[in-house]
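Chemist: Next up is a structure, given as structure tokens.
None of the figures in this text is laboratory data; all of them are computed from the coordinates on show. Source: prediction; values computed, not measured. Virtual Cβ from ideal backbone geometry, glycine too; neighbours counted across all protein chains shown.
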Amino acid sequence: MTEPEKRLWQGCLKPLAKELSVRIYRQRPMLRYIVDFEIRDARVVVEVDGESHYLDEQARREDEVRDLELARFGYRVLRFTNKEIMENLEGVCQRIREVVLERKSSF
């Protein structure tokens, strides 16, 4: 895992899994991809994007295709940049928590 992924896991997702009684998978194969984190109980995927994801046009298009494919299977994809995680972990964690709570109650 990258440093932002480790920070997100240790500082947010691992405690959130315990708090909300959900299982969170790391580096999970889904369809023809490997997602950074999957929260299956809420059908949420969390992706941590480095610079290439927002600077490279082809990478952005590939991310859009991936997100659409996952959405067809009922998944909501949340994307956060490395910078967001390193500078605003609390805000990132709050957003993930909100979405998980919202979606978990509908399944």
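Chemist: Report, for the chain, the % of DSSP beta bridges that are antiparallel, rounded to 5.
Modeler: Once the DSSP bridges in the chain are tallied, antiparallel ones form about 60 percent.
Chemist: For the range 1-69 and the range 78-107, write down the distance between their C-alpha centroids in whole Å.
Modeler: Value for the Cα centre distance between the two parts: 10 Å.
Chemist: When DSSP beta bridges are limited to those with both residues in the range 31-94, what percentage is antiparallel, rounded to the nearest 5?
Modeler: Of those bridges, close to 35 percent are antiparallel.
Chemist: About the Cα centre, and with charges only on the beta carbon of Lys, Arg (+1) and Asp, Glu (-1), how big is the dipole of the range 1-88? Nearest 20 debye, please.
Modeler: Roughly 540 debye, rounded to the nearest 20.
Chemist: Check the straight Cα-Cα distances from Lys83 and name the lysines below 26 Å, setting aside those fewer than 8 residues away within the same chain.
Modeler: Lys83 reaches Lys6, Lys14, Lys18.
Chemist: Once R0 is set to 22 Å, what does the formula 1/(1 + (r/R0)^6) return for the Cβ-Cβ distance between Lys83 and Arg26, expressed as a FRET efficiency to the nearest 0.05?
Modeler: 0.60
Chemist: Please arrange Phe73, Phe80 by counting, for each residue, the other beta carbons lying within 10 Å of its beta carbon, fewest first.
Modeler: Going from least to most buried by this count: Phe73, Phe80.
Chemist: Hey, another quick one. With viscosity set to 1.567 mPa s at 4 °C, what whole-number translational diffusion coefficient in µm²/s follows for the chain from Stokes-Einstein and a Kirkwood radius over Cα pairs?
Modeler: Here the translational diffusion coefficient equals 93 µm²/s.
Chemist: Provide the gained length on full extension for the span Glu69 to Arg40, in nm with one decimal, where the gain is 0.36 nm per separating residue minus the Cα-Cα distance.
Modeler: 8.9 nm
Chemist: Fewest first, what order do Glu47, Glu64 take by the number of other Cβ atoms within 10 Å?
Modeler: Arranged by neighbour count, lowest to highest, Glu47, Glu64 become Glu64, Glu47.
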